[in-house]
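The structure appears right after this line, and notes come after that.
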Amino acid sequence: REVINPAISEDEAKSMLVQHMITKPIFDAIFEGYEFLKDNPVAQTIEKVASHFTNFIKAETEDLEDFYREVRIRVKGIDKETERQEFLRQLYDSFFKIAFPDIADRLGIVYTPVELVDFLIKSVEDLLKDEFGKSLNDEDVVILEPFAGTGTFLTRLMSFLNTEALKRKYQNGEIWGNEILLLPYYIALANVESTYFEKTKEYKPFKYLLLTDTFELD
């Protein structure tokens with residue numbers, strides 16, 4: 001409650017722990033060698049609690065080992081950023097509906113296809129030029145993704161921006177994202193930071209992705 005949200009209920013906290021325990025192997029496979037979980041305060045807090053249940057987690061996730069193995073095999077065949085986004089979208093769209101049906105029902109979880117995301121970004125670029133004489137690359141054009149999911153919109157936006165504009169927006173708070181669920185928040189943050197590294201060849205933590213409910217913000 002201190003790190004994430006003082007209004008979190010006990011059931012919601014348990015759900016976050018379960019999501020963290022079950023899906024960490026998937027996260028590790030998709031972002032192999034990525035150090036995000038060691039540095040993020042939310043991940044640190046939940047991992048600290050989860051570490052007390054190591055033997056229990058191992059026993060309870062044995063039935064998922066074949067699934068984890070399949071994910072690791074499929075990830076090795078991904079060589080394009082668009083392919084990774086589509087894989088993440090399909091995986092978590094189906095995973096949440098099967099593993100956490102109540103959450104998927106309550107929040108209406110649907111992940112947007114990459115092609116539609118690209119269309120939306122290009123459409124906004126055209127509207128900005130036609131109506132305001134501006135571009136998504138311009139300074140002080142601030143972009144907010146209120147329902148970040150696994151970060152498809154944010155990462156496709158970053159791929160669309162030129163490198164100079166991306167560096168400025170990424171570091172100066174001209175790109176923001178909100179996500180209410182822990183697992184997509186993890187993935188989105190790793191997704192954004194790794195995409196930034198791929199495009200700029202430098203690692204910088206992303207400070208403007210929030211684990212929060214957009215509808216609760218003033």
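Details
- Unmet criterion (only one of (1) open to solvent by 20 Å² or more (accessible area, probe 1.4 Å); (2) touching a Pro at 6+ places or on another chain (Cβ under 6 Å)) for residue 211: (2)
The rows are residues; the columns are (1) under 21 Å from residue 125 (Cβ atoms); (2) among the charged types (D, E, K, R); (3) in contact with a Lys or Arg (Cβ under 9 Å, 6 or more places away or on another chain).
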site	(1), (2), (3)
150	no, no, yes
161	yes, no, yes
164	yes, yes, no
169	yes, yes, no
174	yes, yes, yes
190	no, no, no
200	yes, no, yes
204	no, yes, yes
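- Tally of residues being in a helix (DSSP H, G or I) and either loosely packed, with under 15 Cβ neighbours inside 10 Å or touching a Cys at 6+ places or on another chain (Cβ under 6 Å) (or both) across segment 118-159: 10
- Some residue of segment 162-179 being in contact (Cβ under 8 Å) with a residue 40 or more places away in the chain and either open to solvent by 20 Å² or more (accessible area, probe 1.4 Å) or over 23 Å from residue 22 (Cβ atoms) (or both): no
- So residue 86, is it open to solvent by less than 50 Å² (accessible area, probe 1.4 Å), in a helix (DSSP H, G or I), out of contact with any Phe, Trp or Tyr (no Cβ under 9 Å at 6 or more places or on another chain) and among the charged types (D, E, K, R): yes
- Residue within segment 184-191 that is within 21 Å of residue 84 (Cα to Cα), of a type in the set (S, T, N, Q) and buried (at least 24 other Cβ atoms within 10 Å of the Cβ) present: yes
- Condition met for residue 80 (under 21 Å from residue 149 (Cα atoms), open to solvent by 70 Å² or more (accessible area, probe 1.4 Å) and in contact with a helix residue (DSSP H, G or I) (Cβ under 6 Å, 6 or more places away or on another chain)): no
- Taken together, the residues in segment 192-208 that are buried (at least 23 other Cβ atoms within 10 Å of the Cβ) and at pLDDT below 85 amount to 0.
The values are calculated or read from the model by the stated rules, or taken from the named source; none is laboratory data. Small disclaimer: the values here were computed from a predicted structure and weren't measured. Because the Cβ atoms are built from the backbone with ideal geometry, glycine has one as well, and the counts that use them run over all protein chains shown. Surface accessibility is based on the protein's heavy atoms, side chains included, excluding ligands, DNA and RNA. Shrake-Rupley method; radii C 1.70, N 1.55, O 1.52, S 1.80 Å.
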